[in-house]
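The values are calculated or read from the model by the stated rules, or taken from the named source; none is laboratory data. All figures in this text were calculated on a predicted structure; none of them were measured in a lab. Glycine also receives a Cβ, built like all others from the backbone with ideal geometry; neighbour counts cover every protein chain displayed.
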Amino acid sequence: MMPLQARFSSLFAVVLALGAGAGASAQAQNAGSQSQPAQPQGSASQNSGQSSSQSQPARASSSQGPDAQSANYGVYVQVDPLAKVRYDNRWDVSLGFAYDHMKAGPTLLQGSNLGGLDGDASFWLSRHWGLEGSGRAYVGTSGAGVNYLPPPHSGTLKGPMVKQYFFVAGPEWLGPHNKHGAILAHVMLGGVYGNFEKDLLGIAPGWFDFYSNQVAPAAIVGGHFDLNRSEHWVFRVTPDAVITHYTFTNPYASPVLSYAQFDVNFAISVGLEYKFTRAKRPTKKADWVSGW
């Protein structure tokens, strides 16, 4: 019995020794893993500094200045529509809506406000001088000196229509000018056809203190205010004094009354001018003022 007990005692001691060794190894491994040093605060701050420095360029790129916007959207190129404006064209034409104030008779108190069209054309002979022609048509209504009808007629005359058609020509002068605009002056002579009898019911116009239908001498004195919009197109305003020399006859007067009279009235038109720049007027460029 003693040898068997000694064997069991020896085997039990070996098992205990092996178990104690395995437990000590496990404790040593746990202690090693727990005893790893913590990361220093300095390195943490460095890492945070690196992360902040990496985020700063991203924020800087999001804030775009004018240069960055120009790079993104392209370069802005300024275009001057008046860069090619010159006053060397041989021909130009203009058309505008026109207004004319006139009196249909020599002693009428009521004036007529007529509307119509004003067409002009210019042919330039030199740097400052040219020839201008104008055709103008005006139409409107007028009051009458006597609005009741003579016997054997009865009733009254209301708002008879009157018309004027001008055809004149004369010299034109180019005044102060630059690429933005110009001031021009003209004096044009010619004639006017006045139509005053259209609504007079066949009654002599002298009864209503009207001129009779006729072609009479006329003159237009004034000019243009031009505002350049491009090389070819110009916005034009044309104020003028309109002078006519109509003859008046009143067969109802005793003796018959007949005479001619000068009338001076105001007219203005607003429209567009077009310059034909292919043909040039004869002039030396060295004589041209600064700014053309």
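Answer yes if at least one residue in the stretch 178-201 is assigned to a loop (DSSP other than H, G, I, E, B) and over 44 Å from the mean Cα position of the chain (by Cα), and no otherwise. Scanning the stretch 178-201, I find at least one residue that is assigned to a loop (DSSP other than H, G, I, E, B) and over 44 Å from the mean Cα position of the chain (by Cα), so the answer is yes.
Count of the stretch 212-223 residues, restricted to those that are farther than 15 Å from ASP118 by Cα and either within 39 Å of the chain's Cα centre (by Cα) or in a strand (DSSP E or B) (or both), is 5.
Please go through the stretch 261-281 and pick out each residue that is of a type in the set (A, V, I, L, M) and either in contact with a helix residue (DSSP H, G or I) (Cβ under 7 Å, 6 or more places away or on another chain) or free of Cβ contacts under 8 Å to residues at least 24 places away in the same chain (or both). The one that is of a type in the set (A, V, I, L, M) and either in contact with a helix residue (DSSP H, G or I) (Cβ under 7 Å, 6 or more places away or on another chain) or free of Cβ contacts under 8 Å to residues at least 24 places away in the same chain (or both): VAL264.
Condition (residue is in contact with a Lys or Arg (Cβ under 6 Å, 6 or more places away or on another chain), small (Gly, Ala, Ser) and surrounded by fewer than 20 Cβ atoms within 10 Å (Cβ to Cβ)) applied to the stretch 239-248: is it met by at least one residue? No, because not a single residue in the stretch 239-248 is in contact with a Lys or Arg (Cβ under 6 Å, 6 or more places away or on another chain), small (Gly, Ala, Ser) and surrounded by fewer than 20 Cβ atoms within 10 Å (Cβ to Cβ). Here GLN214 passes the criteria (1) in contact (Cβ under 8 Å) with a residue 40 or more places away in the chain; (2) surrounded by fewer than 20 Cβ atoms within 10 Å (Cβ to Cβ) except the one numbered (1).
Of all the numbered requirements in (1) out of contact with any Pro (no Cβ under 8 Å at 6 or more places or on another chain); (2) under 29 Å from GLN110 (Cα atoms); (3) modelled with pLDDT of 95 or more, VAL234 misses one, and that requirement is (2). Return the residue satisfying two criteria in turn: it lies in the stretch 266-292 and is among the aliphatic types (A, V, I, L, M) and farther than 18 Å from LYS179 by Cα, and of such residues it is modelled with the lowest pLDDT. This residue is ALA279. Just to verify a result, which residue in the stretch 118-160, among those that are in a loop (DSSP other than H, G, I, E, B) and aliphatic (A, V, I, L, M), is nearest to VAL221 (Cα to Cα)? Ranking the qualifying residues of the stretch 118-160, first place goes to LEU125.
Residues that are among the charged types (D, E, K, R), over 23 Å from SER122 (Cα atoms) and surrounded by fewer than 17 Cβ atoms within 10 Å (Cβ to Cβ) occur in the stretch 191-202; there is at least one. One residue alone among ASP226, ASP263 is part of a strand (DSSP E or B), more than 25 Å from THR107 (Cα to Cα) and at pLDDT 95 or above, and that residue is ASP226. The set of residues in the stretch 229-260 being assigned to a loop (DSSP other than H, G, I, E, B) and touching a residue at least 12 places away in the same chain (Cβ under 8 Å) consists of ARG229, SER230, GLU231, HIS232, PRO251, TYR252, ALA253. Residue-level check: of (1) crowded, with 16+ Cβ neighbours inside 10 Å; (2) under 30 Å from LYS280 (Cβ atoms); (3) modelled with pLDDT of 95 or more, LYS179 misses just (3).
Residues to consider are GLY181, GLY202, GLY191, GLY206; find the one that is over 23 Å from SER269 (Cα atoms) and either out of contact with any Ser or Thr (no Cβ under 8 Å at 6 or more places or on another chain) or of a type in the set (S, T, N, Q) (or both). Among GLY181, GLY202, GLY191, GLY206, only GLY202 is over 23 Å from SER269 (Cα atoms) and either out of contact with any Ser or Thr (no Cβ under 8 Å at 6 or more places or on another chain) or of a type in the set (S, T, N, Q) (or both).
Each row is one residue, and each column tells you yes or no for (1) of a type outside the set (Val, Ile, Thr); (2) touching a residue at least 24 places away in the same chain (Cβ under 8 Å); (3) more than 19 Å from PRO239 (Cβ to Cβ); (4) surrounded by fewer than 17 Cβ atoms within 10 Å (Cβ to Cβ).
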{"residue": "HIS128", "(1), (2), (3), (4)": "yes, yes, yes, yes"}
{"residue": "GLU132", "(1), (2), (3), (4)": "yes, yes, no, no"}
{"residue": "GLY135", "(1), (2), (3), (4)": "yes, yes, no, yes"}
{"residue": "THR141", "(1), (2), (3), (4)": "no, yes, yes, yes"}
{"residue": "VAL146", "(1), (2), (3), (4)": "no, yes, yes, yes"}
{"residue": "LEU149", "(1), (2), (3), (4)": "yes, yes, yes, yes"}
{"residue": "PRO152", "(1), (2), (3), (4)": "yes, no, yes, yes"}
{"residue": "LEU157", "(1), (2), (3), (4)": "yes, yes, yes, no"}
{"residue": "VAL162", "(1), (2), (3), (4)": "no, yes, yes, no"}
